[in-house]
Structure formats: C-alpha cells, structure tokens
Amino acid sequence: MNKTALNGLRDMLMEGGHAAYVSFAPPLNQYLTGFRGTTSGVIVTDSEALFLCDFRYAEQAEVQVDSAFTIERIGSEGMTKAVARRLNALKLSNAAFEPQYMTYAEFQALDREFGGKLKPVSQLVSALRTRKTSEEVERIRTALQLSERVLEEILEELEPGITEREVAARFEYAFKQRGASGASFPTIALFGSRSSLPHGEPGDRALQMGDVVLFDFGCRLDGYCSDLTRTYVFGTIPGAWLEDIYALTHTAQQRAIEAV
C-alpha cells in the first residue's frame with residue numbers, strides 16, 4: 001500500500017464534499033489496501049477505512065491488507081449488499097465512486113440498497129495512482145528488468161519453424177517461473193506479414209528466415225506491471241524500407257523523450 005494514499009483520498013473527499021468513497025475495483029482496492037485478490041469492497045470515510053471480502057479471501061486479506069484498514073468478512077448476501085449495509089450503518093448521506101471502475105450492474109445494485117446518494121467522480125484514487133512514489137517506481141523497474149531477462153532468453157531460443165503461439169506461451173511460462181504472477185496482458189508474438197497487426201493474436205504462423213518479428217509483452221510482479229514492444233528481423237533484413245522505418249521511429253522516440 002502507498003502509505004500516503006489513504007490520507008490523500010480523505011483530503012480529496014473533504015474538498016469535494018463527499019461523505020465516503022466506495023470501490024469494488026481490484027486495481028483501485030489494491031492501491032489503497034495492498035490486497036491483490038479479485039473480489040473485494042472498500043469504504044473510506046474521514047474516520048473509517050473498511051475492507052470487505054468473503055470467506056474465499058479471508059486468509060489472503062489478513063496477510064496483504066494494510067493495518068490501516070479494518071477487515072470485515074461478509075456473508076452470503078453478496079458484496080454490493082454488504083457494502084450498502086455498511087454505508088447505511090454509518091449513516092452516510094452520500095458516497096463517491098469512480099464511474100469508469102464500476103459496472104452498471106454494480107451501480108444499480110448498490111443504488112437500490114444504499115439510502116444515500118451515489119456520486120460519480122472520475123478522478124479520486126485514479127488521480128492518486130498517477131503520481132508514483134519512489135518505492136512504486138522501483139517495483140515497476142523490477143518488473144521491467146524481469147521482462148528484459150526473459151526477452152534475452154526467448155531471443156536465444158528462436159529457430160525456424162517455431163510458431164507465434166509457442167513463443168507467446170514461452171514468455172508467459174518464463175514470467176511465472178521467475179516469480180511474476182503472470183503476464184500484464186495477453187502476450188503478442190507475430191511473424192512476417194502478421195507483424196503489421198499492432199494487437200494481433202498469436203497463431204500458427206511459423207518463423208522463417210527474413211521475417212520481421214514483433215513482440216509486445218510484459219509481466220505483473222507484486223501487483224505492478226511492465227510493458228515492452230520490440231521489433232526484430234530474423235536472419236537478413238528484408239529491404240531498405242525497414243531501415244528507413246526504423247530510423248524514423250527512433251527519431252520520433254528521441255524527440256518525444258526530449259519533449260518530456
């Protein structure tokens with residue numbers, strides 16, 4: 001957990017006149033509490049910080065959830081009803097939520113049970129997450145370094161006849177083998193003419209000499225992600241056009257870095 005996140009959120013609630021913050025979203029809840037499971041509810045007020053989960057995550061929560069939060073195990077009522085019940089018990093007039101992180105079904109269920117007003121606010125925890133602490137930067141760097149090591153190994157394993165799907169699978173296996181929880185997103189490995197697809201799905205295309213090879217990959221380590229895109233040529237460069245495109249892309253990248 002980012003230790004300043006809870007205080008930062010409370011400051012934003014006070015400034016906006018919001019009595020509480022509510023979330024069911026895994027990335028937001030992880031940022032606030034440290035919990036890396038898929039199902040949870042979070043309520044934050046000026047004096048309360050509550051983390052709700054069902055029996056499946058009770059043990060995990062005890063290990064991962066920051067001590068600033070009180071852990072409450074819900075029953076069979078379901079998460080939205082449990083969160084609404086706690087909001088009502090706190091006698092809150094309103095609760096802010098981030099609309100891009102709450103499904104319409106979750107909103108409807110919560111709105112039905114909560115006696116106060118639900119207020120959509122686009123930038124709360126999301127705004128806090130954009131400002132990374134030095135610890136967070138180091139976690140991202142570590143995830144990046146793991147991905148780069150895997151890339152080096154994959155490049156050594158490339159040989160004619162290996163398929164896109166097999167290479168993608170090797171990336172994801174290697175991530176977990178080295179301690180990551182998995183890939184940041186479905187790994188992309190595309191060969192030859194299929195490398196023109198920015199977000200293509202790996203298939204049975206076999207690697208051939210002279211193929212342009214596109215990799216788009218990353219891993220999730222301790223809840224933080226890496227994301228790299230790399231383009232290579234297997235064997236001989238297919239033509240001067242590729243060198244021209246490479247030079248253009250490299251110049252654009254350098255100018256963007258300078259502008260930043």
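The values are calculated or read from the model by the stated rules, or taken from the named source; none is laboratory data. Not measured: the values here are computed from a predicted model. Don't worry about glycine lacking a Cβ; one is built from the backbone with ideal geometry, like all the others, and counts go over all protein chains shown. Quick note on the areas: whole protein, heavy atoms, side chains included, nothing else; ligands and nucleic acids left out. Shrake-Rupley method; radii C 1.70, N 1.55, O 1.52, S 1.80 Å.
Which residue, of Ala256, Ala206, Ala169, Ala252, is at pLDDT 95 or above and closer than 13 Å to Val150 by Cβ?
On the way: Ala256 fails: closer than 13 Å to Val150 by Cβ; Ala206 fails: closer than 13 Å to Val150 by Cβ; Ala252 fails: closer than 13 Å to Val150 by Cβ.
Selected residue: Ala169, the only one of Ala256, Ala206, Ala169, Ala252 that is at pLDDT 95 or above and closer than 13 Å to Val150 by Cβ.
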For this session: Could you tell me whether region 138-152 includes any residue that is without any contact (Cβ under 8 Å) to a residue 24 or more places away in the chain and under 28 Å from Gln208 (Cα atoms)?
Result: yes
Problem set entry | Of all residues making up region 176-204, the number that are under 30 Å from Ile237 (Cα atoms) and in a loop (DSSP other than H, G, I, E, B) | 11
Exercise. How many residues does region 195-212 hold that are crowded, with 18+ Cβ neighbours inside 10 Å and free of Cβ contacts under 8 Å to residues at least 40 places away in the same chain?
Worked result: 4
Exercise. Looking at (1) touching a helix residue (DSSP H, G or I) at 6+ places or on another chain (Cβ under 6 Å); (2) at pLDDT below 95; (3) surrounded by 13 or more Cβ atoms within 10 Å (Cβ to Cβ), which is the only condition Lys132 fails?
Worked result: (1)
Seminar exercise, completed: Selection over region 213-260 where residues are under 28 Å from Pro27 (Cα atoms), open to solvent by less than 90 Å² (accessible area, probe 1.4 Å), outside any strand (DSSP E or B) and among the aliphatic types (A, V, I, L, M) yields a count of 0
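Would it be correct to say that Ser184 is of a type outside the set (A, V, I, L, M, F, W, C), within 26 Å of Glu98 (Cα to Cα), in contact with a Cys (Cβ under 7 Å, 6 or more places away or on another chain) and open to solvent by 20 Å² or more (accessible area, probe 1.4 Å)? Before the answer, list the steps.
On the way: of a type outside the set (A, V, I, L, M, F, W, C): yes; within 26 Å of Glu98 (Cα to Cα): yes; in contact with a Cys (Cβ under 7 Å, 6 or more places away or on another chain): yes; open to solvent by 20 Å² or more (accessible area, probe 1.4 Å): yes.
Considered against the rule, which asks whether it is of a type outside the set (A, V, I, L, M, F, W, C), within 26 Å of Glu98 (Cα to Cα), in contact with a Cys (Cβ under 7 Å, 6 or more places away or on another chain) and open to solvent by 20 Å² or more (accessible area, probe 1.4 Å), Ser184 comes out as yes.
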Exercise. What single numbered condition from (1) touching a residue at least 60 places away in the same chain (Cβ under 8 Å); (2) open to solvent by less than 40 Å² (accessible area, probe 1.4 Å) fails to hold for Tyr101?
Worked result: (2)
Problem set entry | Qualifying positions in region 54-78 - open to solvent by less than 30 Å² (accessible area, probe 1.4 Å), in contact (Cβ under 8 Å) with a residue 24 or more places away in the chain and not in a loop (DSSP other than H, G, I, E, B) | Ala61
